[in-house]
1. Can you give me the % of accessible surface on the chain that is carbon or sulfur? Probe 1.4 Å, all protein chains present, nothing else counted.
2. Just how large is the dipole of the chain about the Cα centre, in debye to the nearest 20, putting +1 at every Lys and Arg Cβ and -1 at every Asp and Glu Cβ?
3. Using amide H atoms built in the peptide plane, which far-off residues or other-chain residues are under 5 Å from V417 H to H?
4. Below 15 angstrom from the Cβ of A379, what's the summed charge of the other residues (Lys, Arg +1; Asp, Glu -1)?
5. Tell me what the chain gives for mean residue ellipticity at 222 nm when only DSSP H runs of n ≥ 4 count, each as -39,500 (n - 2.57), the sum divided by the residue total, rounded to 500 deg cm²/dmol.
6. State, to one decimal in nm², a quarter of the convex hull surface area for the C-alpha atoms of segment 366-518, i.e. the direction-averaged projected area.
7. Return the lysines within reach of K529: Cα separation strictly under 28 angstrom, same-chain partners fewer than 8 residues apart disregarded; answer none if there are no such residues.
8. Please state, rounded to one decimal and in Å, the Kirkwood hydrodynamic radius that segment 56-120 gives when every pair of distinct Cα atoms enters the mean of 1/r.
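The values are calculated or read from the model by the stated rules, or taken from the named source; none is laboratory data. Treat the numbers as computed from the prediction; the structure is a model and nothing was measured. Here the Cβ is made from the backbone with ideal geometry for all residues, glycine too, and neighbour counts use every protein chain on show. Keep in mind that these areas ignore ligands, DNA and RNA; they rest on the heavy atoms of the full protein, side chains included. Shrake-Rupley method; radii C 1.70, N 1.55, O 1.52, S 1.80 Å.
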Amino acid sequence: MRFYKKKMRMGDILIEQKMINQEQLNMALELKKKTKKRLGDVLVEAGIITEREIAFSLNKQLGIDMIDLRGIKIPQELIGLVSGSILRKHKVLPIGFDEQDSTTLLLAMADPLDIVAQDDISIITNFRVEPRIATVGDINAVLDKYFGTEEAMSAAEQYTKEREQQLQIESSTSLQDEVELNSAPIVQIVKTMVEQAVRQRASDIHIEALERQVRIRYRIDGVLTEKMVYDRSLLSAIVTRVKIMGHMDISEKRKPQDGRITMVVDLAEYDIRVSVLPTSFGEKVVMRLTSATGLTRNKSELGLRDWELKKFDNILKNPNGIILVTGPTGSGKSTTLYTALSELNTEAVNIITVEDPVEANIAGINQVNVNPKADFTFANALRAILRQDPDIIMIGEIRDYETAAIAVQASITGHLVVSTLHTNSSAATITRLLDMGIESFLIADSIVGVIAQRLVRRLCTSCRKPRQADDEEKLILGKAITDDVVIYDACGCSICAETGYYGRIGVYEIMEIDQKLRQVIVAKSSTEKIKETAVNNGMHTLHRSSVEYVLDGMTTISEMMKVSFEG
């Protein structure tokens, strides 16, 4: 069964499958020698290939089955066969027994050519091993599910024991602080917390000081879920560890602080923005997780329908003008903005961004961080940027008249400006700019498109259930009571962690500014009049777009109602 492993090496397979070239392989092999990492890990970290592409190549070349671990249930008798630490070390996961041969253990592996890993598992379990292919991220996510809580609690207990022992030796504050800063279990707790959050697709981690406990919650698909509860005695050490990682002042506990952490999880780099806030029972920490790949998506992944993509492309084709993306915090504005920039990013154009802070680094784009303490505000940064011969300018957010005025001036003088604004709809964006003090004729001349957006949770396709809509729901959806309307309910299964939802999708309201709209804007018309004109020109409101998602079975009425109440 193992003859192919001795003949074939991963590098040769990837070249044969045309996934990499010889030059890339040579570079990766040199890095492998220096770092002592696996070849696959080196290639993924270098951005040459993805984990899933490696898995597909091995599957095609070796004929070993690929397995989807999402929502998999591991039989109880397999959980205790091998310790979690050994499984993590080899990046493997026992998933069951062969149906034809009960002495053969099926083993999900990131690298099915790893004979050492197969031999180790075979010796420990006393079973013959048959490999199956899976990605590192998928394997780690399942290991988190079955061993994560146990590992975290074990680290917490170990920390408590160490702390007690140290306090018995010497009760001085300096020594106690030293234990808290350098304690390996606390380092492990925080590291595990971030890794598990990433694997569970969390956007934020909340570490909360309660009266008697420390509560850990993750925001997954926009909803907070409790994941862990620790003894209150761990709070100080956890917060101190996060402050050290985020380069904050560990002695300051009375004022809010902000920091930034960079961490690699499953071969992908994550940028973590940290906020620490003093509360009644201690400091509360919120960590916002972003990955560069998460923000710079292909525009087809945004959830735009075909006709919306055409509108999106038309707006981006403008050589100058202002493109605004609007919506509340957490509605995916940054993702849309970065996707637009990636689309426009070519060698022929000079793109400069001014952000607070820079959310993701994009190759080939000049990104500037504002610094209010040094009087380097959005407005001052923009003035400096205009002297840098830019073609496209991205402003993180238009917050005041001064920034808006410079943006308008820049667009009229031949630059394309993309930015965000906090408004409820596309039409309200125009009246907000008027309220800021920008002249109506300047707004009409400069704005080329406004995209209002929200995020709704996407129904899990494995467990959603269809049913007939009742009379009230038909009215909400704008349908006649006599119509036959099928909608779907969220149920819950192992794939979606019993929530009924898996992932989120964007709901868009795209307003292209044409001649009719320009006339309405110049006349300083009301938000309602602007909206009416845009709808007559073919704009779908947020409400209408979200209704279409409900009727298509992509989301529920309750999610739709969070987006829009209007008709």
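1. Exposed carbon and sulfur together represent 49 percent of the surface.
2. Around 420 debye, computed over the chain.
3. G321, I322, I323, I393
4. Surrounding charge for A379 is -3.
5. Mean residue ellipticity at 222 nm (helix-derived): -12000 deg cm²/dmol.
6. 14.2 nm²
7. K310, K311, K317, K333, K474, K479, K516, K562
8. Across segment 56-120, the inverse of the average 1/r is 12.9 Å.
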